[in-house]
Amino acid sequence: MKESAAKIRLMKAGDFDAVVGIDEKVLQTPRPEYYRVKFEKLFGTRDYLPVSLVAEEAGTVVGFVMGELYLGEYGIFQEEATLHTIGVDPAHQHRGIGKQLISEFVDHLRKVGVQKLNTLVDWNDSRLIRFFSANEFGPSKTINLERRL
């Protein structure tokens, strides 16, 4: 496994196409509307703390992580944040970029007082569960309930 020399920086509005492209490569389906909403929230409001990062190698975005702070939703306050999406270009995976992104993401959150980071993973996605477990995530004490409609 060749280690990455990725530079991690705050996400910019101009990273939209790169983020959408990486996500499409990883999931094999385009989701531009999902990212349009995320980018509008991230860059279109003054009330939002930017906690989204990208990894660059040789000036090219090769990975990203996006999340947000809870601002009172469900009775949860700013001590908690959520990680919505993480992606690393398949040509750059298995080199520590995802770990680097999470580490920097956590450092940013700690600086603003966050004490707990949440994310959701499909119970059947063992690859993603192993990735998050290797990055110090564990089962939550809350239960995500759903109702099929």
*Output the qualifying pairs, or none if there are none: Cβ atoms under 9 angstrom, residues six or more apart or on different chains, first residue in segment 103-114 and part of a loop (DSSP other than H, G, I, E, B), second residue of a type in the set (A, V, I, L, M).*
VAL112/LEU49; VAL112/VAL51; VAL112/LEU69; VAL112/ALA81; VAL114/VAL51; VAL114/LEU69; VAL114/ALA81; VAL114/VAL106
*Inspect segment 80-98 for any residue being modelled with pLDDT under 90, among the hydroxyl-bearing types (Ser, Thr, Tyr) and surrounded by 13 or more Cβ atoms within 10 Å (Cβ to Cβ) and give the result as yes or no.*
yes
_Single residue of segment 1-30 satisfying the filter (among the small types (Gly, Ala, Ser) and farther than 19 Å from GLN93 by Cβ) that is modelled with the highest pLDDT_ = GLY14
*Within segment 119-141, identify whether any single residue is surrounded by 10 or more Cβ atoms within 10 Å (Cβ to Cβ), touching a Ser or Thr at 6+ places or on another chain (Cβ under 6 Å) and touching a residue at least 12 places away in the same chain (Cβ under 8 Å), and answer yes or no.*
no
*How many residues does segment 94-149 hold that are out of contact with any Lys or Arg (no Cβ under 9 Å at 6 or more places or on another chain), closer than 25 Å to GLU56 by Cα and of a type in the set (Phe, Trp, Tyr)?*
3
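Go through segment 117-146 and give me each residue that's among the basic types (Lys, Arg) and modelled with pLDDT of 90 or more.
So the first thing to find is which residues in segment 117-146 are among the basic types (Lys, Arg), and the list is 127, 130, 141.
ARG127, ARG130, listed by residue number.
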*Do we have any residue at all in segment 75-94 that's within 15 Å of the chain's Cα centre (by Cα), under 21 Å from LYS25 (Cβ atoms) and assigned to a helix (DSSP H, G or I)?*
no
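The values are calculated or read from the model by the stated rules, or taken from the named source; none is laboratory data. Everything numeric here is computed off the predicted structure, so don't read it as measured data. Neighbour counts run over all protein chains shown; Cβ positions are idealised from the backbone, glycine included.
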